[in-house]
Every structure is written in structure tokens, then in C-alpha cells.
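In what follows, a single structure is set out as C-alpha cells and then discussed.
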Amino acid sequence: MISQFFVLSQRGDSIVFRDYRGDVPKGSAEIFFRKVKFWKEDGGEEAPPVFNVDGVNYFHVKVVGLLFVATSRTNLSPSLVLELLQRIARVIKDYLGVLNEDSLRKNFVLVYELLDEVVDFGYVQTTSTEILKSYIFNEPIMIDAGRLPPLGPAAMFMQGSKRMPGTAITKSVVANEPGGRKREEIFVDIIEKISITFSSSGYILTSEIDGTIQMKSYLTGNPEIKLALNEDLGIGRAGGRSGYDYGGSAGSGAVVLDDCNFHESVQLDSFDVDRTLTLVPPDGEFPVMNYRITQEFKPPFRINTLIEEAGSLKAEVILKIRAEFPSDITANTILVQMPLPTYTSRVSFELEPGTVGQTTDFKESNKRLEWSLKKVVGGSDHTLRAKLTFSQESHGNITKEAGPVSMTFTIPMYNPSRLQVKYLQIAKKSKTYNPYRWVRYVTQANSYVARI
Amino acid sequence: MAPPAQTNRSPSPSQPSGKGEVSDLKTQLRQLAGSRAPGTDDAKRELFKKVISCMTIGIDVSSVFSEMVMCSATSDIVLKKMCYLYVGNYAKHNPDLALLTINFLQRDCKDEDPMIRGLALRSLCSLRVTNLVEYLVGPLGAGLKDSNSYVRTVATMGVLKLYHISESTCMDADFPATLKHLMLNDREAQVVANCLCALQEIWGLEATKSEEASTERETLLSKPLIYYLLNRFKEFSEWAQCAVLDLVSKYVPSDSSEIFDMMNLLEDRLQHANGAVVLATIKLFLQLTLSMADIHQQVYERIKAPLLTLVSSGGPEQSYAVLSHLHLLVMRAPYIFSADYKHFYCQYNEPFYVKKLKLEMLTAVANESNTYEIVTELCEYAANVDIPMARESIRAVGKIALQQYDVNAIVDRLLQFLEMEKDHVTAETLVLVKDLLRKYPQWSHDCIAVVGNISSKNVQEPKAKAALIWMLGEYAQDMQDAPYVLESLIENWEEEHSAEVRLHLLTAVVKCFFRRPPETQKALGAALAAGVNDFHQDVHDRALLYYRLLQYNVSIAERVVNPPKQAVSVFADTQSNEIKDRIFDEFNSLSVVYQKPSYMFTDKEHRGPFAFSEEIGNLSLGEESTDNVVPAQRIEANDKDLLLSTSDKEESKGSIHNSSAYSAPGYDGSLAAPSQTDLVSLDYKPTPNVPSATFAIDDLLGLGLPAAASPPPPPPVLKLNTKAALEPNAFQQKWRQLPISISQETSINPQGVAIMTSPQTLIHHMQGHSIHCIASGGQAPNFKFFFYAQKAEEPSTYLVECVVNSSSCKVQLKIKADDQSTSQAFSELFQSALSKFGFS
């Protein structure tokens, strides 16, 4: 059982603080914050999510820059507590619509109300947004959603995609629409995070897709929902094929998941037969299914790096990225980064003539080159030339002192796994009942690295 | 219960700043207290919010207590909730004021709205004021019988709260019995789950005081209850499922069909999106199959994919918790994961604590077939701009080399590191090359050629410097300029801040002197002079020792300082197997993340409600803890020394470890191997009555232990009291106080083992010989028992820790006695009783 729960701002102020058992001395929030803050300076790196100070165990997760913390004196399951902290954040977000420091401060009474019902004397009672509804009486004070980035992977739909109503994602499960009427709608998001490591010759060393089918339902009366996936979806790698040597060329053949898991509301009775998931979606946002794929797929970007030495104190880096997805799709918020030799003193950049929405920077403090592109259309390629000036002579092998090149990006309406929601069926209450259904795909880079 | 009609979209209370505001609040609250004007509730809400906001940021608002209570006469549930929160926070430190609230809380406990009844009851139980407990009993009793399940869930937790405020009140009201009844009968699963949690805690704490509670606690693990909970399993919330799974993992099924039924029932839990449920299930599966080697292995195969999925879904924090568990499993059974090594490759954006775990896993799973790829990947990290990561990666490469796979290629890679000319890479690599040479002297030729090119000026880190100096001394004949490099280092003696480096310098220069006397003589003189005048005690002593040895006889000095060495075959492991096994027993807990058993980081009173098996462990630790824990830490600290510095003695220790190392730590390696821990502790703090088995080792270690006292004179025939009685507490206490008088390994009759399906059979047998069991645990093939016996005529007690391995038919005994002189006689008696097991 946990002893305390609290949320700290980035500066270390308690925004909410709830003591459940009274067996951890006062000042735990300060002890915790100091420990986390000075972890680096004490010779370590980033503070791990769980640590022990004087017999008190501190668990924390970071959500939108806030620290959600639990303390305990007993030898608990770390998974349980960390999962709980994440769920508390999710429940709060379901109620407040937007989770950030501002919304928490404005709604702390509601948050206390939630905390009272979620945990009693340190034992978890429920984290179901649905069940909690009947115990919650405060109404959320909405904040301006546009100003701050909301929580969760669905947040990426906020930018750049015209097809989704931006406000829907920041809707509280309890607040009514300004018009008084609730809009009947359901969101199904297929979110894929991809990790790739390219060798210096461009060969794919490892690749993985970590996907989630996320659902958020605003349907009244909790109707049953059927979600059909690719019929030929395979699960688990067949015996003989081990590891990564599955040779299917991208673009054809069945989608094969290495493994997946499901939300507890999901009925899998017909899943083995026709790959449909049946569920009665509870209120709030939740992952219907998580899956993992190591099957080969076509990487959305290719990265080429060329380093040319020009004398002993100068070198030129040429970075080239090529978007290898269809031209009707546009990636956004692309950032390319590359660590440069520590003795780099100055960098001058040269973009292709006529480019818009691209910026370059040399971060002096960690000797890092940054190249950001607002948008990249499928099929296009872009080049950056960077001229480096060194403060000392290089040892002759700059490739050992620089790189690897890493990339982050978001590609809406694209998923490399080709996993699809074939249809989304809602049990009909009447003929006129026709709620809005949003099925959205998005791909994000998790660890996208090219060695040089 | 629709929310109040008015909306409160007013601006939030601004962050209050201090004392002035508190007195303002007081006045305003007072004004509102009696008001019945419309809109009063809204105004109150705003004020209450301000008060709670102050409370949150740590401003003491206890001074408005009476005003808050006055204002609480309201039907507005939002107001009530805020008031309850406030009261709960301050009641403990203002018991007199808390009395004020009793009235309205008790009244609310009888409200017709179940929500209000529940809330009031929860607040009432959360006051934490000892002298108000009398007011709790009535409402709690009513709450447990309430028709509404919300009230009952609150009441069950309320009982636990009451227990923590006043144990006697809770026990006197017989609440635990009521909880037990509810647990078995309530139709609401959350009530059942709360009863289970409360009872685990209450009986767990009471068990040390009363026999009865201890029995009750055992009934929580009885077959009917376990089956009852499993039959209702799907009704429980995911969190309650975790609690039930945790309980079930302590239950010992009677046969394998029971085990398979459970596993089939719970199989789908491995596909749960909640990592806590999956890990709890995995723990259960691992525990259930401990004694079935092949099924146990299948479990490993089965859980691999779900664990990997959990690692990659969810936030980095949850992923870390799961990864720590995966790490533990990989360390136990690396070969099962050796084909999955690519999953342990590091991603550039992962935090260091994750990367570190992954590097350790990569090191563990390396084998003939994947070493080349793993090392290639590690070399990429070594060239990384992230320095801590680069260092760890180089260490990992070194560790793999020491595991003997593909050494040839690895040595080449390591030597390439030296050519990278990055100081931190060079430093780490030097340390590793030194270790490699200690294990594979045959590589000295290649290594020395490269190391010889390194300028000692480019090496600043003490560990690396020490390694370089060691090599200069050790391979003085192969390195042309060794004497001169040493000489220049000695010239800078004053600037050398690290005592470790100065110690190595002394040893190296002496070794060098034996091989190339004319070239080194001058340096040796300078070093000895500087060393004898060194302010550091160890340096001074070593210099003096060398000086006197050399003065006495140079060839004897050489035999002492630089005898021919055997290559180290295995470096000592950092953690004893017993500790590793204990961590494994505590799967799905912080022990796994901290890589320490719980007794090392948890106070006794917080060791959890169900520490039965742990207690047995602790019992054995009572006495060992000092001997056991300290060596573990010592080894840990020493490990660096072992690997990084060199004192020649340690080499022999390393090889001894190897010679006594037990067969490869398989995944079923639940064998506690206590004898090994003893080995380690022996050279550290020898017990006077050293058992014969371990004696030879001490001689090997050259500790020159005084020979053990000659065996005690034959004692008179021993008779045991057939009706001996000993309280568990007394046992624990005695076990802690008494020294081990006999520790022995013996064997048990195979026929006996054959019928030993559960600990019970042996317990009954021993009882027939007036030897009683006080605690037992474990599953085939490892059982652990604590026995006691008493002399027939006098109250003199014998305590025995007995570890039976039913597959090897070996028994480890540790005997403690009030009267040490008779312990040998008792030991014989015990063993003769044991030897009859299986024939009767």
C-alpha cells in the first residue's frame, strides 16, 4: 500500500498532496524533490523512477512536466505503483480535459475528490473513470485548451490535421458542451512509434514498431462496439523464424504482430476467428490494445550523412533526408540532430535555396547540430550543409567523434505496419442513431538513428 | 444525485500567501457560518477552496478549525467533502478540536444518502485520534452491515484504520471476524478485496503476538479460500486481481493437476495491458513451477513475449519496472534469452538507468553464436559521445571477454579502443586489458605491444593508472622502457594523490627490480624512500615491508612479492547465490529494482502483511545477518578491487571461488547454497566452532585459523522432552542470540525423500522423535525447516535449521544450543532420527 500521493510542479511546489497512512514523516515532498534534482550532481544520471531514502520508497512518473509521486514504506510491486500513478494522471485528464499545471491548480478540489475515491488507506479502490463518475460532484473549471499541449499520444492530432475537431480530445468526461447537448462521438487512434537503427552503410540493423489502439468514447448509454482488424493479421512469430530475419518485403504479405495485449474490457471471443474485438468502452481514454512488431517495414525516412574534411581545422557535414512515403502524406515537426566533435567551435549552415519552414542551430553547450523542418511532403528530399570549424586539430577520424544522427517526426494518417481498423461497428439503439466515428492513424519516431 | 445546478466557473482562488490571509479567512468563514442567505454555499465553496489551497502548499490553517466545523452544517456535498478533507488533515494534531467534528460525522454516518454515509465514515476513521476511537466502533459496525456496497467498502478499510489507531479496540470489537465473514460472503468484489487486504495486514501484525492470529493468517492460504478467490477472479478489478495473485503465489498446491488448473485459469492474464497484473501472474507461474524443471522453462518461454511488449508499451517508468524484472530473469537463465539479444540493444533516447540494465543483459546473454554481433554493437556505444555510456559499454565488452567467448576478436577490439585516443576510453580499456591479462596471460604479447605505446601522461584516472603500472611491473621484461616509465612516475610521487596508485607503484617497481635490477635500482631506492615517508599508512607499511624483505634476502623477497602466478579462471561474483535467490523469491517487488533483498532496505515492521516465508528467511538471518550482509557488501565493494586493483592474495581467492563454484546457475537454481555464503563469511570472521567441511578452505586461504577446539568429551546420553514447547517469538529471539554450535552437511535417505511431497511428512516423522517443527517452507526440491527440541530433565533447548534438497538427498544442518557441550550429542540424535525417515 502507498503512504502518500503528491504532484509536484517543475519547480518543486506541491500542487496536490494527499497523505493516506501517516507513516511517512513530513517533508517527504522536499526530500524527494531535492533527491531528484541533485541526482545528476551526485554523480549519477537521471533519477530512476524508484528509489529509497531512509527506508521510504519514492515512486514517480513524469507527466507533462509534472512529477506524480507516491511514497511507501513497504516492499510493493513497483509496476503496480508506477502504473497507478500513470492511471491517476489519466483519470485526472479525463475529468479536466486538459492536464497541466494550470488546470491542476484550478481544479485541485476536484482532484482531491478523485484521490479520495481512487485510493483508500493506501489501497487502490478503482481507477475507472466510469465508476468514479458517480462519486464526483465538483465540476471541472475548463482552461483554454489551445494554449498548452495536452497529455497523451492523441495530442499529436492537435497539430496539422484538419480532419479532426481539436476540441474533442480536450473534452472532459463530465463537463457538458457549451450548447448543453453532448455530441455523440467516438475516437479510435492507431498510434505507432517506430524505432530503427541504420548502420553506417544504410542497412537496417534493428527495427521495431510499438503500436497502440487508443479509444476515447463519448457515446451515451455505453453501446457495444465491434472493431475489425486486418483479417489476415498474424500473431506470434512462427517457430522456425527467429528474431529479425523475417524476409517479407514491405508492402505485401500479412501483418504479423510479435505479441499484443488488451484492455480488460475487450472480449476476444471472435478474435481468433475473424480478428474482431468486441468491447463496451468505458468512459475516458484507454488503450484497447498494445502491440509490438519486429517484422520488417519500409522506413519512412532515409538519412545520408557525409563528412568531408577540409584541412586540419575544418570539415563539412552534408545531411540528406529522403521521405519515402506517398506524396499525399505530409510529415510534420521533423527534427534532425547530430552530435559534433567536442572541439567544434563554430558552425555555419547552408540550406537549399528557396526552402521555407526550416531552421538550423548549433547548440554550443552540448555541441549538437539541430535541423528542424516544419513539414516534409512524401517523396521529397532535403539537404543541409554544415561547415564546421574546430578549435584544435582533429585526430583524423571525425566519424568517431561525431554522430549518430537521430530524427524525430510525426506522420499523421500513415502507419508503417499497415494494421488497419477495417470497420467500427456501434450497436444501434435506433435508426437515427448515427454517432461520429473517427479512426485516425499516426506514426511517431521513437528512436530513429542512423550511424555514420 | 445530479451535480448542483449552479456552475462554479469563477476564477480560481489565487495562491494565498500567508498569515494575514488566514485571519481574513477566519473572519469571512465566521460571517458565513450562520447565514442562510441564498448563494451562501457558493461563497463557502470559494472560502473552503482557499483554505485547502493553503493546506496543500503547507500553510498552517489549523486555526480556522472551529469555523470550518461551524460552516459544515450544509447539505452541499462538495462543501462536505472539502470539510472532511480539512478535518482529516488537522484532527491528529488538534485532538480537542477533532471532538467537535464527531457529532456531525456521526450524524452523517446515518444519513439516508449512502454516499454521505460512506464519506462520513471514511472521514471518521481517518481522524487518527486515539481517544476518539470509542466513537468509531458503532458507526463501523453499522457500516459493515450497510446495505450499500460503497459504505461496506469504506467500512472494511475503516476497520484497518481503526486497527492502526487502537489495536485493542479493533480486536475487542471482533471486527476481524466480521471481515472474514464478509470476505467469504459479500457479493461486491471490492468489499472482498478490501477485506483480504485488511486481514492480511491485521493478522500479519497480530501473528507475532498471538497463536490464534497466526493460525488465522495461515487460513488465508488455505485451499478453500484460495479456490474461492480464484473462482471469483474475473469479478475483481485489475488492482484487486494483483492482491489476489500475490496471495495465491504463496499458496503451496498439493499436486501438479492443481498447478495446471491454476495456470490454465490465469493464462489470459499474461495478455493484460496492466503490467502489474502481468508481473503478478508471472510471479505466480514461476513459483508454482519451481519444482518442475521443464514446465518452469516453458514458463520462461511463455512470458518472454508479454514482458517484451510491456517494456515497449507504456511510459518509460513502467517500462523500467518491467525491464528490471526481465533483467532478473535474463540473469537467471541467460541461455533462454540468447536469441533475443537484439531486444536489449540500447536506444539513443533511453535514460541511463535503462541502458545500464540493457548492457548487463547483453553481457549475460552473450554466447558463441551472438558474441560477434553483440560486441560490434557495444563498440558503437563505446564510441558514443555520451561518456558514462561509453564507459559502461567498454566494461561490458570486457566482461564478455572474461566469459571466454571469442576472446581473440575482443582483444583486437579492445586494442582498437586504445587507438581512439579518447581519455575516458583509454582509461576504461586499460583496466580491462589488465583484467584480461590476469585471466589470459597468453595474450600478453599482443596487448603489451599496444599498451607500451600509451604515454602514461595521458592516463590520469587512478584506476587506469594503477592498471597501467601493474602491467609495467608484471611485464617489465617485455616492455623496453618499463623501468624508465616507472622512474619518471616515481619522480612525481608528491603529485600522485591516489594512495592506490602509489601502492601499485611500489609493487611494480619492486617486481621490475627483480627482472631488470641494474636499470631499476635507482628507481627502487627512490620509491622506497618516498614510500617509507608517505603519510598514508598502507603505503608506508608496504614500503617498509618491501624494504625489510629486500634487506633480509632478495630471492626470498622475490618469492614473496612476485611468485609465479596462476591465471584467474573466474572472478568472484558480486552477489551471493543466496541473495540472488532471495531476490527471486521476492519477484514483483522493489527488491528486484534495487537488486537487494527486502531486509536490506525495509524496516522490520513494514515488511508486509505476509512475510511468513520471509520470516523463516529472517530467522536464519538473525544470526547470519551480520556475517551475511556484510560480506555481500564487502564483496561488492571489493569486487572493484578484485577486478581493478591487484593484491596477489585475491587471485588465489578468485580461483578458490571457482573451485567451489556450484554447477552453472540454472533457471531452476533455487538452491540456496548457504554453504557458499559461509565460505565467504569465514575468511572474514571465523566462528570458533568451524565445521570440518569448510576447514580445508580456510587453510587454503592461509588465514591460519587456530585449530578448532578438540571435539567435546563424549556427553552423557541425551534424552529429549516429548512435550517440548516453544513460542515462535522465543525461538526467533534465541536463534538470533545463540551462536551456531554445529553446522554440518549430511544426507537423507532416498526412500525418505521419495515420500516427501510436502514438508509435512518430515515434520510428522521428526515429531515422533521429540523434535518439533516451528516453521517450514519451500517446495521440492528445496525445503527449509526450523526444528527445536528440549532436554528431558532441564529447560535446555536445541534449535536446528535444516535445509533439505530432495533431488540431491543432501541436508544442511545448523544447530544452536543453550548448552553447547551437548550439541554434538543432540546432533547425533537428530541425524539418527533423520536417517530413519523413510523406513518407518
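The values are calculated or read from the model by the stated rules, or taken from the named source; none is laboratory data. Here the structure is a predicted model, which is why all the values come from computation and not from measurement. Note that we place each Cβ from the backbone using ideal geometry, even for glycine, and neighbour counts take in every protein chain shown.
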Quiz item: strands (runs of 3 or more DSSP E) wholly in the stretch A:355-442 with at least 2 residues that are assigned by TED's automatic domain parsing to the domain that holds A:Val336 and surrounded by 20 or more Cβ atoms within 10 Å (Cβ to Cβ) - which ones?
Solution: A:368-377, A:381-390, A:405-412
Quiz item: Got a sec? Which of B:Lys434, B:Lys399, B:Lys463 is closer than 21 Å to B:Glu368 by Cα and within 34 Å of the chain's Cα centre (by Cα)?
Solution: B:Lys399
Quiz item: Out of A:Leu257, A:Leu313, which single residue is away from chain B (no Cβ under 13 Å) and of a type in the set (A, V, I, L, M)?
Solution: A:Leu313
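Per-residue answers, yes or no, for (1) surrounded by fewer than 20 Cβ atoms within 10 Å (Cβ to Cβ); (2) more than 7 Å from every other protein chain (Cβ to nearest Cβ); (3) not in a helix (DSSP H, G or I):
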{"residue": "A:Glu45", "(1), (2), (3)": "yes, no, yes"}
{"residue": "A:Lys62", "(1), (2), (3)": "yes, yes, yes"}
{"residue": "A:Leu67", "(1), (2), (3)": "no, yes, yes"}
{"residue": "A:Val81", "(1), (2), (3)": "no, yes, no"}
{"residue": "A:Tyr95", "(1), (2), (3)": "no, yes, no"}
{"residue": "A:Arg105", "(1), (2), (3)": "no, no, no"}
{"residue": "A:Ile131", "(1), (2), (3)": "yes, yes, no"}
{"residue": "A:Asn138", "(1), (2), (3)": "no, no, yes"}
Quiz item: Since B:Phe783 meets every condition but one in (1) aromatic (Phe, Trp, Tyr); (2) modelled with pLDDT of 80 or more; (3) not in a helix (DSSP H, G or I), which condition does it not meet?
Solution: (2)
Quiz item: Considering A:Asn52, A:Asn57, which residue is among the polar types (S, T, N, Q), crowded, with 23+ Cβ neighbours inside 10 Å and at the interface with chain B (Cβ under 9 Å from one of its Cβ atoms)?
Solution: A:Asn57
Quiz item: Just one of the numbered conditions (1) away from chain A (no Cβ under 14 Å); (2) modelled with pLDDT of 95 or more is not true of B:Phe260; which one?
Solution: (2)
Exercise. Go through the stretch A:181-216 and count every residue that is basic (Lys, Arg) and in contact (Cβ under 8 Å) with a residue 40 or more places away in the chain.
Key: 3
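Does A:Phe5 satisfy the criteria of being under 17 Å from A:Tyr112 (Cα atoms), among the hydrophobic types (A, V, I, L, M, F, W, C) and in contact with an Asp or Glu (Cβ under 9 Å, 6 or more places away or on another chain)?
yes
For the structure I just gave you, tell me whether B:Gln318 is among the polar types (S, T, N, Q) and at the interface with another protein chain (Cβ under 7 Å from one of its Cβ atoms).
When the stated conditions are applied, B:Gln318 passes them.
Return the only residue of B:His424, B:His445 being within 14 Å of another protein chain (Cβ to nearest Cβ) and either under 25 Å from A:Leu340 (Cβ atoms) or surrounded by fewer than 19 Cβ atoms within 10 Å (Cβ to Cβ) (or both).
B:His424
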Quiz item: From A:Ser348, A:Ser312, which residue is within 17 Å of A:Thr399 (Cα to Cα) and out of contact with any Gly (no Cβ under 8 Å at 6 or more places or on another chain)?
Solution: A:Ser312
Exercise. Considering every residue within the stretch A:438-447, establish whether at least one is at positive phi and touching a strand residue (DSSP E or B) at 6+ places or on another chain (Cβ under 8 Å).
Key: no
Quiz prompt | helices (runs of 4 or more DSSP H) completely within the stretch B:12-99 that count 2 or more residues being of a type outside the set (Gly, Ala, Ser), over 19 Å from A:Tyr20 (Cα atoms) and within 12 Å of another protein chain (Cβ to nearest Cβ) | solution = B:40-57, B:77-90
Self-check item: Selection count, the stretch A:1-43, where residues are in a loop (DSSP other than H, G, I, E, B) and either at the interface with another protein chain (Cβ under 8 Å from one of its Cβ atoms) or surrounded by 14 or more Cβ atoms within 10 Å (Cβ to Cβ) (or both)
Solution: 12
Self-check item: Pair list, Cβ < 6 Å and 6+ apart or interchain, from the stretch B:145-161 residues that are without any contact (Cβ under 8 Å) to a residue 60 or more places away in the chain to residues that are of a type outside the set (Phe, Trp, Tyr) and part of a loop (DSSP other than H, G, I, E, B)
Solution: B:Ser149/B:Glu188; B:Arg152/B:Asp146
Exercise. For the stretch B:314-325, state whether one or more residues are surrounded by 23 or more Cβ atoms within 10 Å (Cβ to Cβ), under 22 Å from A:Ala89 (Cα atoms) and at pLDDT below 90.
Key: yes
Quiz item: Quick check, is B:Gln460 outside any helix (DSSP H, G or I) and either touching a residue at least 60 places away in the same chain (Cβ under 8 Å) or within 14 Å of B:Cys512 (Cβ to Cβ) (or both)?
Solution: no
Practice problem: Answer yes or no as to whether A:Asp328 is part of a loop (DSSP other than H, G, I, E, B), acidic (Asp, Glu) and at pLDDT 90 or above. | Solution: yes
Exercise. Quickly run through the stretch A:182-209 and pick out the residues that are surrounded by fewer than 16 Cβ atoms within 10 Å (Cβ to Cβ) and more than 10 Å from chain B (Cβ to nearest Cβ).
Key: A:Lys182, A:Arg183, A:Ser201, A:Gly202, A:Tyr203, A:Ile204
Practice problem: Can you confirm whether the stretch B:338-350 contains a residue that is touching a His at 6+ places or on another chain (Cβ under 8 Å), within 24 Å of B:Ala383 (Cα to Cα), more than 7 Å from every other protein chain (Cβ to nearest Cβ) and in a helix (DSSP H, G or I)? | Solution: no
Quiz item: Going by the structure shown, is A:Leu277 surrounded by fewer than 19 Cβ atoms within 10 Å (Cβ to Cβ) and part of a strand (DSSP E or B)?
Solution: no
Quiz item: Do we find a residue being over 20 Å from B:Thr507 (Cα atoms), touching a Leu at 6+ places or on another chain (Cβ under 8 Å) and among the polar types (S, T, N, Q) anywhere in the stretch B:367-388?
Solution: no
Quiz item: Among the listed residues B:Glu360, B:Glu350, which satisfies the condition of being under 26 Å from the mean Cα position of the chain (by Cα), modelled with pLDDT of 90 or more and surrounded by fewer than 23 Cβ atoms within 10 Å (Cβ to Cβ)?
Solution: B:Glu360
Self-check item: Lone unmet requirement of (1) assigned to a helix (DSSP H, G or I); (2) surrounded by fewer than 17 Cβ atoms within 10 Å (Cβ to Cβ) for B:Trp470
Solution: (2)
Quiz prompt | Filtered residue count, the stretch B:291-307, keeping only those that are touching a strand residue (DSSP E or B) at 6+ places or on another chain (Cβ under 8 Å) and surrounded by fewer than 21 Cβ atoms within 10 Å (Cβ to Cβ) | solution = 1
